[in-house]
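As structure tokens, the structure follows; a few thoughts come after it.
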Amino acid sequence: MAKIYVFDDEPSILLMIKKMLEKAGYEVDIALNGKEGMELFKRNVPDLLITDIIMPEKEGLETILELRKSYPELKIIAISGGGRISPGGYLPGAKLLGANIVFEKPLDQKEFLQAVTLLLDETRTKNFPRQL
């Protein structure tokens, strides 16, 4: 079972994503910000990280940058509902810093789950290549 971490400072969004992913069969741990989330990484590295961009304590862009240095193969989805500027202002930066896929809130559940599946399939294929 794939392990996914979700970082978001909005409890309602965090729980919605957690329930959606658990219903799809994934194991999910959550954190209310990047600082709290980094504590999860000290215990176990997930197969996928989903992080909001604008959060207190440690923002998503900083978290992505730090994790890319330590875990270059980690699959990352960045999400944003905006802040001082629209989500479109933050998400290109997340992509430049290493997010594999970005989404604006509110999330389209079907597209979001397809992206999760795609990234996790890439991880499995890379770790367990088929023999010819």
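One residue stands out in the range 34-61 among those that are modelled with pLDDT under 95 and among the acidic types (Asp, Glu): the one that is surrounded by the fewest Cβ atoms within 10 Å (Cβ to Cβ), namely GLU57. Taking (1) closer than 21 Å to LEU119 by Cα; (2) outside any loop (DSSP other than H, G, I, E, B) in turn, PRO46 satisfies each apart from (2). Scanning the range 35-69 for residues being closer than 21 Å to LYS95 by Cβ and either without any contact (Cβ under 8 Å) to a residue 24 or more places away in the chain or among the basic types (Lys, Arg) (or both) gives a total of 3.
The values are calculated or read from the model by the stated rules, or taken from the named source; none is laboratory data. This structure is a prediction, so every number in the text was calculated from the model and none was measured. Positions of Cβ are backbone-derived with ideal geometry, glycine not excepted, and every protein chain shown enters the neighbour counts.
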